[in-house]
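The values are calculated or read from the model by the stated rules, or taken from the named source; none is laboratory data. Here the structure is a predicted model, which means the values were calculated and not measured. Note: ideal-geometry Cβ built from the backbone for every residue, glycine included; neighbour counts use all protein chains shown.
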């Protein structure tokens, strides 16, 4: 099982929207590196939903209900999507400032590439986010 962090602008689609809908197709990604990460995503992978913009915080946990597949709404073969469903809201949001100041994230794409919308996480980084959310 792999872990990823998915960034979304809460004004466009928030974790609350995901909870209310019970699941969604994760789409709209065009960045080549993010698409490369998306192609690795498989059913049952766990993801952190992160609100970008002013919130800049990890908000909740979701599960991949269908791994990466070609986007049926795009004529470009390189464009993929996957399906996610909510698992639970984090006990408290974990800010980007907290993540960047933690040694577990030193050199990670999360810290180095702030506009990257799909970021792979190591198991240690996954556990760290969950730990920080409980404190």
Residue within the stretch 46-58 that is out of contact with any strand residue (DSSP E or B) (no Cβ under 9 Å at 6 or more places or on another chain) and either surrounded by 14 or more Cβ atoms within 10 Å (Cβ to Cβ) or modelled with pLDDT under 95 (or both) present: yes
Every residue from the stretch 100-109 that is assigned to a helix (DSSP H, G or I) and either within 13 Å of the chain's Cα centre (by Cα) or closer than 27 Å to residue 35 by Cβ (or both): 100, 104, 105, 109
Some residue of the stretch 71-88 being over 15 Å from the mean Cα position of the chain (by Cα), buried (at least 17 other Cβ atoms within 10 Å of the Cβ) and not in a strand (DSSP E or B): yes
Selection count, the stretch 110-135, where residues are more than 25 Å from residue 23 (Cβ to Cβ), in a helix (DSSP H, G or I) and in contact (Cβ under 8 Å) with a residue 12 or more places away in the chain: 5
Test: residue in the stretch 92-99 that is assigned to a loop (DSSP other than H, G, I, E, B), within 19 Å of residue 13 (Cα to Cα) and at pLDDT 95 or above: no
Counted residues, the stretch 3-39 - those being out of contact with any strand residue (DSSP E or B) (no Cβ under 7 Å at 6 or more places or on another chain), in a loop (DSSP other than H, G, I, E, B) and touching a residue at least 60 places away in the same chain (Cβ under 8 Å): 1
